[in-house]
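K.L.:
Encoded as structure tokens, here's the structure I'll be asking about.
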Amino acid sequence: MRKFLVIILLCSSCKSYALTWVGIDDTEVQITNYLDIDSVKKGGEFVFYTRLENVATMGLNSIVIRNKVDCKREKIIELNISYYGQPMGQGTLIEKKKNATKEILPKPNTSRYNAMKLACSLAK
């Protein structure tokens, strides 16, 4: 019984992430990219989703990006960008940029484009 209580206590004190990351292909770069399919939500004429990039540059290991997309026009706005010190959005949050307003037209067959297309198809 004591072991059971210790296990429950340890599990409840750990960070838990209810994210379902799916790998996204990119023909141009060698960065591992993922789409959190649980984050895909339709809101009016827009679709919202979270994308993750595992990188190993500039002292960073991963970037988590919250996106708003107009699926008809294929335009993305990166609402929040969080930079982490470990892969898969883990570790220390190094920097966070909020409320970006610049529209992005992603190139076909890039991870950004492929994530957008997948999110749009899941939101229907």
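Values in this text are rule-based calculations from the coordinates and carry no lab data. Treat the numbers as computed from the prediction; the structure is a model and nothing was measured. Neighbour counts run over all protein chains shown; Cβ positions are idealised from the backbone, glycine included.
K.L.:
Would you mind listing how long region 19-123 runs along its three principal axes, going by Cα atoms, in whole Å with the largest first?
P.N.:
For region 19-123, the Cα extents along the three principal axes come out at 37, 29, 25 Å.
K.L.:
Pick out, in residue order, every one of the trypsin sites (Lys or Arg not before Pro) in region 40-87 that is DSSP loop and has at most 10 other C-beta atoms within 10 Å; say none if there are none.
P.N.:
Working: sites: LYS41, LYS42, ARG51, ARG66, LYS68, LYS72, ARG73, LYS75; in loops: LYS72, ARG73.
Filter output for region 40-87: LYS72, ARG73.
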